[in-house]
Amino acid sequence: MKHPARWLAAAMLAMWVGAAGAQAPYPAKPIRFLVGFPPGGTNDIVARAVAPRFSEYLGQSVVIENRGGANASIATDLAAHAAPDGYTILLVAPGHATNPALLKLNFDSINDFAFITLLAESQNLLVVHPSFPPRTVKELIAFSKKRPGEINYGSSGTATTVHLSAELFQYMTGVKWVHIPYKGGGPGLVALISGEVSLYFGNVPTVIRQAREGKVRAVATTGLKRTPAAPDIPTVAESGVPGYEVTTAYGMAAPARTPRASLDRLHADAVRAVNAPDTRERLLGLGADPVGNTPEQYTAFMQNEIAKWAKVIKAAGIKGE
């Protein structure tokens with residue numbers, strides 16, 4: 001070899017270039033953010049509330065891709081089978097916890113995902129028609145137990161959190177009501193206001209104005225703690241049903257086996273984005289409480305939610321539609 005020094009230098013340069021390429025900082029390209037509902041719904045709004053700051057902190061575009069259908073299970077299936085490279089994430093919809101008990105899925109709702117953080121959660125509000133006698137949770141339980149199968153409650157549809165809030169209440173208290181499902185929260189609330197049904201567990205943003213105006217009467221919220229959107233209204237749990245909790249949770253997850261370093265970066269910047277003042281303001285304006293917990297806390301939350309709703313759905317005999 002005539003020029004060993006030159007060959008050695010070239011070899012070292014090639015090794016350096018290869019190492020530099022292999023260690024390119026994450027993220028090095030835009031990230032796909034799958035949302036399981038069309039634009040304009042609450043899930044989509046939450047994703048778009050978080051995305052601007054999240055993108056800024058990551059230093060890459062976060063591209064929201066709406067893949068609606070089957071209570072978000074279409075988007076969830078795409079995420080479960082996406083390459084685990086850190087460039088596909090999922091807005092985990094509330095149905096993630098109930099779909100395993102309702103639908104035949106092509107993925108495992110826990111093991112096929114790396115849960116990053118719970119972004120935000122909102123509560124439901126138990127409201128009744130103004131003429132309905134009970135004014136507290138304890139009064140409602142006593143009143144209902146004297147009239148099993150005589151009290152109608154409305155919902156925004158089968159297996160929605162509005163429906164399941166009532167089913168969990170019955171499951172935990174032993175009361176028996178009659179379910180009247182409607183096609184959406186609006187028609188369900190109209191039915192309550194008109195007196196067609198006696199009670200309704202509506203999303204806080206949907207029903208709080210009518211409660212403030214006296215069109216319906218607020219009884220209790222469904223979280224373990226009072227919601228900042230209605231701090232004067234007690235929770236069901238503090239009003240006589242300890243442990244009762246229903247929240248509409250919006251989280252972030254990636255495919256299982258996504259590299260730990262990528263997950264750590266996604267978690268740090270997602271929590272930072274949720275806690276940015278402008279993001280918090282937008283979420284609170286939706287009636288959603290910003291969270292931003294750890295991956296371990298969020299994973300445990302999802303495991304508990306899936307187990308809880310499986311019991312309630314089985315006990316109530318609810319079938320997927």
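The values are calculated or read from the model by the stated rules, or taken from the named source; none is laboratory data. Keep in mind the model is a prediction, meaning the values are calculated, not measured. When we count neighbours, we look across all protein chains shown, and the Cβ atoms used for this are built from the backbone with ideal geometry, even at glycine. Calculation scope for accessible area: heavy atoms of the full protein, side chains included, ligands and nucleic acids excluded. Shrake-Rupley method; radii C 1.70, N 1.55, O 1.52, S 1.80 Å.
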**Request:** Just read off the accessible area of Val190 with the full protein assembly in place, 1.4 Å probe, to the nearest 10 Å².
**Result:** 90 Å²
**Asked** Rounded to two decimals, what is Rg over Rh for the stretch 131-207 when you use alpha-carbon atoms and the Kirkwood radius?
**Response** 0.94
**Request:** With only Lys, Arg, Asp and Glu charged, each at its Cβ (+1 for the first two, -1 for the last two), find how big the charge dipole of the chain is about the Cα centre; round to the nearest 20 debye.
**Result:** 100 debye
**Request:** Report the trypsin sites (Lys or Arg not before Pro) located in the stretch 162-224 that are in a DSSP loop and have at most 16 other Cβ atoms inside 10 Å of their Cβ, or state none.
**Result:** Lys176, Lys183, Lys215
**Prompt:** Which whole number in µm²/s is D for the chain by Stokes-Einstein, with the Kirkwood Rh taken over Cα pairs at 37 °C and 0.692 mPa s?
**Reply:** 155 µm²/s
**Message:** How much of the pair distance distribution for the stretch 114-252 lies past 22 Å, counting alpha-carbon pairs only, in percent?
**Reply:** 31 percent
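Where only protein heavy atoms count, and the probe is 1.4 Å, what is the accessible area per residue for the stretch 15-141 in Å²? The partial results should precede the final answer.
Numbers: 5320 Å² over 127 residues.
The answer is 42 Å² per residue.
Determine the order of Tyr171, Tyr87, Tyr153 by accessible area, beginning with the largest, at a probe radius of 1.4 Å. Please list the in-between numbers first.
On the way: Tyr171 120, Tyr87 35, Tyr153 0 Å².
In descending accessible area the options line up as Tyr171, Tyr87, Tyr153.
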**Point-to-point label distance, Lys319-Ala142, nm (Cα→Cβ direction, 7 Å offset)** = 4.0 nm
**Request:** Report the calculated FRET efficiency for Gln297 and Ala24 (r = Cβ-Cβ distance, R0 = 35 Å), to the nearest 0.05.
**Result:** 0.70
**Asked** Under 23 Å from the Cα of Lys319, which lysines turn up, not counting those fewer than eight places away in the same chain?
**Response** Lys104, Lys176, Lys183, Lys308, Lys311
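Per residue, how much accessible area does the stretch 216-321 have with a 1.4 Å probe, in Å²?
Numbers: 4830 Å² over 106 residues.
Averaged over the residues of the stretch 216-321, the accessible area is 46 Å².
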**Complete:** Carbon plus sulfur, as percent of the 1.4 Å-probe accessible area of the stretch 140-291, comes to 53 percent
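When the chain is fully extended, how far beyond the present Cα-Cα distance does Ala307 get from Ile110, taking 0.36 nm per residue of separation? Write out the running numbers ahead of the final one.
Details: separation 197, 0.36 × 197 = 70.92 nm, distance 1.12 nm.
So the chain would gain 69.8 nm between Ala307 and Ile110.
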